[in-house]
1. Taking the criterion of being small (Gly, Ala, Ser), in a helix (DSSP H, G or I) and closer than 30 Å to Gln138 by Cα, would at least one residue in the range 37-50 satisfy it?
2. How many of the residues making up the range 8-36 are aliphatic (A, V, I, L, M), exposed (fewer than 14 other Cβ atoms within 10 Å of the Cβ) and free of Cβ contacts under 8 Å to residues at least 12 places away in the same chain?
3. Filtering the range 110-140 down to residues that are outside any loop (DSSP other than H, G, I, E, B), hydroxyl-bearing (Ser, Thr, Tyr) and at pLDDT 80 or above, which residue is surrounded by the fewest Cβ atoms within 10 Å (Cβ to Cβ)?
4. Could you please find all residues in the range 55-109 being assigned to a loop (DSSP other than H, G, I, E, B), of a type in the set (A, V, I, L, M) and surrounded by 15 or more Cβ atoms within 10 Å (Cβ to Cβ)?
Amino acid sequence: LLAILLFGFFRLVRYLIKTLPVRKARRAAFLRMMPIIEILVGLLYVLSAIPLVFKDHPDYSPLVLTIVIVGVVWVSWFAIRDFMAGIFLKAGKVCRVGDHVRLDGIEGRVKHLGFRVLEVVSSSGDEIVVPYSRISKQSISRLPKVDGLARHSFRIELTPEIRPLEAKRSVWKAALNDH
(Lines give C-alpha, C1' and ligand atoms only; values in the text may rest on other atoms or scores of the structure.)
Protein backbone atom coordinates (compact mmCIF):
# COMPACT_ATOMS: atom_id res chain seq x y z
CA LEU A 1 0.00 0.00 0.00
CA LEU A 2 2.85 2.35 0.85
CA ALA A 3 4.53 1.61 -2.50
CA ILE A 4 1.33 2.51 -4.36
CA LEU A 5 1.00 5.73 -2.33
CA LEU A 6 4.62 6.66 -3.08
CA PHE A 7 4.09 5.99 -6.78
CA GLY A 8 0.98 8.19 -6.79
CA PHE A 9 2.76 10.91 -4.83
CA PHE A 10 5.62 11.07 -7.34
CA ARG A 11 3.20 11.12 -10.27
CA LEU A 12 1.44 14.06 -8.60
CA VAL A 13 4.75 15.87 -8.05
CA ARG A 14 5.70 15.40 -11.73
CA TYR A 15 2.27 16.70 -12.77
CA LEU A 16 2.64 19.76 -10.53
CA ILE A 17 6.13 20.50 -11.86
CA LYS A 18 4.81 20.41 -15.43
CA THR A 19 1.71 22.54 -14.75
CA LEU A 20 2.71 25.11 -12.15
CA PRO A 21 4.06 28.46 -13.40
CA VAL A 22 7.81 27.98 -13.03
CA ARG A 23 10.68 29.26 -15.15
CA LYS A 24 11.68 26.86 -17.94
CA ALA A 25 15.21 26.32 -16.61
CA ARG A 26 13.97 25.59 -13.10
CA ARG A 27 11.31 23.18 -14.43
CA ALA A 28 13.98 21.33 -16.43
CA ALA A 29 16.22 21.12 -13.34
CA PHE A 30 13.36 19.72 -11.23
CA LEU A 31 12.51 17.14 -13.89
CA ARG A 32 16.18 16.10 -14.15
CA MET A 33 16.37 15.63 -10.37
CA MET A 34 13.12 13.64 -10.07
CA PRO A 35 14.55 10.24 -11.15
CA ILE A 36 17.37 10.58 -8.62
CA ILE A 37 14.93 11.44 -5.82
CA GLU A 38 12.56 8.64 -6.86
CA ILE A 39 15.39 6.08 -6.86
CA LEU A 40 16.65 7.19 -3.45
CA VAL A 41 13.17 7.08 -1.90
CA GLY A 42 12.52 3.69 -3.53
CA LEU A 43 15.80 2.35 -2.18
CA LEU A 44 14.98 3.63 1.31
CA TYR A 45 11.56 1.99 1.03
CA VAL A 46 13.12 -1.36 0.07
CA LEU A 47 15.71 -1.12 2.85
CA SER A 48 13.03 -0.31 5.42
CA ALA A 49 10.79 -3.14 4.17
CA ILE A 50 13.45 -5.86 4.51
CA PRO A 51 13.23 -6.08 8.33
CA LEU A 52 9.44 -6.29 8.07
CA VAL A 53 9.62 -9.09 5.51
CA PHE A 54 12.12 -11.06 7.57
CA LYS A 55 10.54 -10.43 10.99
CA ASP A 56 10.10 -14.19 11.50
CA HIS A 57 13.81 -14.72 10.76
CA PRO A 58 15.58 -11.66 12.20
CA ASP A 59 18.99 -13.28 11.67
CA TYR A 60 18.59 -12.92 7.89
CA SER A 61 17.81 -9.18 7.89
CA PRO A 62 21.42 -7.90 8.17
CA LEU A 63 22.57 -10.35 5.48
CA VAL A 64 19.80 -9.35 3.06
CA LEU A 65 20.37 -5.65 3.78
CA THR A 66 24.08 -6.09 3.04
CA ILE A 67 23.35 -7.99 -0.18
CA VAL A 68 20.90 -5.31 -1.36
CA ILE A 69 23.31 -2.44 -0.59
CA VAL A 70 26.27 -4.20 -2.24
CA GLY A 71 24.08 -5.03 -5.25
CA VAL A 72 22.91 -1.44 -5.67
CA VAL A 73 26.47 -0.10 -5.38
CA TRP A 74 27.74 -2.72 -7.82
CA VAL A 75 25.02 -1.98 -10.39
CA SER A 76 25.46 1.78 -10.14
CA TRP A 77 29.25 1.80 -9.80
CA PHE A 78 29.84 3.55 -13.16
CA ALA A 79 27.39 6.32 -12.30
CA ILE A 80 28.88 6.72 -8.82
CA ARG A 81 32.43 6.85 -10.24
CA ASP A 82 31.46 9.45 -12.88
CA PHE A 83 29.57 11.53 -10.31
CA MET A 84 32.48 11.54 -7.83
CA ALA A 85 35.02 12.35 -10.55
CA GLY A 86 32.73 15.20 -11.64
CA ILE A 87 32.64 16.62 -8.12
CA PHE A 88 36.46 16.72 -7.97
CA LEU A 89 36.81 18.12 -11.51
CA LYS A 90 34.24 20.85 -10.85
CA ALA A 91 35.73 21.69 -7.44
CA GLY A 92 39.20 21.92 -8.99
CA LYS A 93 37.79 24.15 -11.77
CA VAL A 94 39.54 22.04 -14.40
CA CYS A 95 37.33 23.49 -17.13
CA ARG A 96 34.35 25.78 -17.52
CA VAL A 97 31.58 26.31 -20.06
CA GLY A 98 33.02 28.03 -23.14
CA ASP A 99 36.58 26.69 -22.73
CA HIS A 100 38.22 25.06 -25.73
CA VAL A 101 39.43 21.58 -24.68
CA ARG A 102 41.42 18.76 -26.22
CA LEU A 103 41.44 15.30 -24.69
CA ASP A 104 42.10 11.85 -26.13
CA GLY A 105 41.42 12.82 -29.73
CA ILE A 106 38.38 14.95 -28.89
CA GLU A 107 38.60 18.67 -29.47
CA GLY A 108 35.96 21.33 -29.10
CA ARG A 109 34.19 23.88 -26.92
CA VAL A 110 32.68 22.90 -23.57
CA LYS A 111 28.90 23.24 -23.84
CA HIS A 112 27.73 21.86 -20.48
CA LEU A 113 29.09 20.39 -17.26
CA GLY A 114 26.51 17.83 -16.16
CA PHE A 115 26.27 15.59 -13.11
CA ARG A 116 28.17 12.71 -14.74
CA VAL A 117 29.37 13.95 -18.14
CA LEU A 118 31.05 16.81 -19.95
CA GLU A 119 29.37 17.89 -23.18
CA VAL A 120 31.76 19.14 -25.89
CA VAL A 121 30.79 20.66 -29.25
CA SER A 122 33.36 19.93 -31.94
CA SER A 123 34.27 22.36 -34.72
CA SER A 124 32.06 20.36 -37.10
CA GLY A 125 29.07 20.86 -34.76
CA ASP A 126 28.98 17.34 -33.30
CA GLU A 127 28.01 17.09 -29.65
CA ILE A 128 30.33 14.71 -27.81
CA VAL A 129 29.44 13.39 -24.35
CA VAL A 130 32.50 12.47 -22.28
CA PRO A 131 32.09 10.75 -18.88
CA TYR A 132 34.04 12.43 -16.08
CA SER A 133 35.73 9.14 -15.18
CA ARG A 134 37.32 9.12 -18.64
CA ILE A 135 38.57 12.68 -18.17
CA SER A 136 40.00 11.91 -14.73
CA LYS A 137 42.22 9.15 -16.18
CA GLN A 138 44.03 11.36 -18.70
CA SER A 139 45.40 14.83 -19.23
CA ILE A 140 43.24 17.56 -20.66
CA SER A 141 44.46 20.52 -22.70
CA ARG A 142 42.38 23.63 -22.04
CA LEU A 143 42.29 27.08 -23.58
CA PRO A 144 40.17 29.21 -21.22
CA LYS A 145 37.29 31.28 -22.51
CA VAL A 146 38.11 34.98 -22.56
CA ASP A 147 35.23 37.37 -21.92
CA GLY A 148 35.29 40.56 -23.93
CA LEU A 149 38.01 41.53 -26.36
CA ALA A 150 41.21 39.57 -26.57
CA ARG A 151 44.31 40.45 -28.49
CA HIS A 152 45.36 37.83 -31.01
CA SER A 153 47.92 38.00 -33.71
CA PHE A 154 48.77 35.83 -36.67
CA ARG A 155 51.16 36.20 -39.56
CA ILE A 156 50.35 35.87 -43.24
CA GLU A 157 53.07 36.09 -45.85
CA LEU A 158 51.86 38.05 -48.88
CA THR A 159 53.81 37.88 -52.09
CA PRO A 160 53.48 40.31 -54.99
CA GLU A 161 51.73 37.62 -57.06
CA ILE A 162 48.71 37.52 -54.69
CA ARG A 163 45.87 39.81 -55.71
CA PRO A 164 44.28 42.06 -53.02
CA LEU A 165 40.97 40.15 -53.02
CA GLU A 166 42.78 36.85 -52.40
CA ALA A 167 44.83 38.50 -49.62
CA LYS A 168 41.63 39.79 -48.02
CA ARG A 169 40.10 36.30 -48.09
CA SER A 170 43.28 34.84 -46.54
CA VAL A 171 43.18 37.37 -43.71
CA TRP A 172 39.46 36.77 -43.16
CA LYS A 173 39.91 32.96 -43.10
CA ALA A 174 42.91 33.18 -40.73
CA ALA A 175 41.00 35.48 -38.38
CA LEU A 176 38.00 33.13 -38.24
CA ASN A 177 40.21 30.07 -37.68
CA ASP A 178 42.12 31.70 -34.84
CA HIS A 179 40.64 30.92 -31.43
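The values are calculated or read from the model by the stated rules, or taken from the named source; none is laboratory data. All values reported here derive from a predicted model rather than from experimental measurement. Cβ: placed from backbone, ideal geometry, glycine included. Neighbour counts: every protein chain shown.
1. No, the range 37-50 contains no residue that is small (Gly, Ala, Ser), in a helix (DSSP H, G or I) and closer than 30 Å to Gln138 by Cα.
2. 8
3. Step one: filter the range 110-140 for residues outside any loop (DSSP other than H, G, I, E, B), giving 110-113, 117-121, 127-136.
Keeping just the survivors that are hydroxyl-bearing (Ser, Thr, Tyr) gives 132-133, 136.
Within this subset, residues satisfying the condition of being at pLDDT 80 or above are 132-133.
Working: Tyr132: 24, Ser133: 19.
My answer is Ser133.
4. Applying the first criterion (assigned to a loop (DSSP other than H, G, I, E, B)) to the range 55-109 yields 55-59, 76, 92-99, 104-105.
Next cut, of a type in the set (A, V, I, L, M) only: 94, 97.
Within the range 55-109, just Val94 meets the criteria.
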